[in-house]
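To start, the structure itself, in structure tokens.
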Amino acid sequence: MPVSDSVDLESGTETGDEETPDGLPINELFHSLQGEGTLAGVPSTFVRTSGCNLRCWFCDSYHTSWEPTHAWLGLEELLAEIEARDAEHVVLTGGEPLLHAESVDLLEALAERGYHTTVETNGTIYRDAPIDLASISPKLASSTPTPERAPADADADEWEQRHERDRIDMDALARLVEAYDVQLKFVVTDGDDMPEILELLGDLRDAADVPIGDDDVLLMPEGATRERLAETRTRVADLAMEYGFRYTPRLHVDLWNDAPET
């Protein structure tokens, strides 16, 4: 499904409008293979919302964050689009889909219809919803944008401060891991990221009332193109073996590079 319209989700409204329309701001809705995590390779319908409360400099869906675009779809229209794609697995992703309260309505409707749902989230927002797998990707310090590594027309100074301030919410992370089956998926560039991952895991294990096993921790190579993945994947795989965590590929990048709707 194509995208349309620019959106200003910092204020929660469509550019030029005074009120937010009903429904969800949808950037993409498509059928593909899950490319990441424990369900990699599973045919799935992806519902990608627009808008994010963070700004990772390497974001592979910049059209939901740095340059957000969308079309507004109501619940019934969304369900019709999903049902037409005939997949048992639905992935709600973004941007940050849990920004939107309407995501709960969609997840409840999908649960009623027997779909398996994965929600891909940065872990800074908790919502009470039927989620089969919470795919949580806490953002490390290496994700923070700077004027040297952000889009040329972006307000990098402002986003550097906001992103660094908001990228970890330990209370939200603990509530998510207590409520749902989870995978903790870290985007890793190299070994310099590992001390922060270990510290964050230690803090989260102290904060949460449920165990978090090493099998729940996935290391994923940073890279939105085949060329970039070729630079990072081997050293991240080596780190996964060294530390006893799982390695996750980015199959969609390997298969389709950085093409949209993959």
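List of remarks:
- Only Cα pairs under 8 Å and 6+ residues apart enter the sum, and on that basis the relative contact order of the range 130-262 stands at 23 percent.
- Virtual spin-label span in nm between Asp171 and Ala109, 7 Å along Cα→Cβ: 3.1 nm
- Ranking Leu107, Pro130, Ala40 by Cα position along the charge dipole of the range 39-132, where only Lys, Arg, Asp and Glu carry charges on their C-beta atoms, puts Ala40 farthest toward the positive end.
- In terms of other Cβ atoms within 10 Å, Ser50, Ser32 run from fewest to most in the order Ser32, Ser50.
- With each label modelled as a point 7 angstrom along the Cα→C-beta vector, the Ala207-Asp22 pair spans 3.7 nm.
- Sparse-neighbour loop sites [trypsin sites (Lys or Arg not before Pro); the range 141-196; at most 14 other C-beta within 10 Å; DSSP]: Arg149
- Antiparallel content of DSSP bridges confined to the chain, in %, to 5: 35 percent
- Applying 0.36 nm per residue to the separation of Tyr247 and His116 and subtracting their alpha-carbon distance, the gain on full extension is 44.9 nm.
- In percent, rounded to a whole number, the relative contact order of the range 7-256 is 17, using alpha-carbon pairs under 8 Å and six or more apart.
- Counted without the sites themselves, the longest stretch of the chain free of GluC sites (Glu not before Pro) in a DSSP loop having at most 12 other beta carbon atoms within 10 Å is 149-262.
- Anisotropy class assigned to the range 90-224 is oblate, per the alpha carbon gyration tensor with a/c at or over the 1.5 cut-off and a/b no larger than b/c.
- Loop-resident trypsin sites (Lys or Arg not before Pro) (DSSP state other than H, G, I, E or B) in the range 74-140 with no more than 13 further Cβ atoms inside 10 Å of their Cβ: Arg113.
- In Å, descending, principal axis extents of the Cα set of the range 7-256: 47, 42, 38
A short reminder: the numbers here are calculations on the coordinates, not readings from a lab. All of these numbers come straight from a predicted model, not from anything done at the bench. FYI the Cβ positions are ideal-geometry reconstructions off the backbone, even for glycines, and counts take in every protein chain you see.
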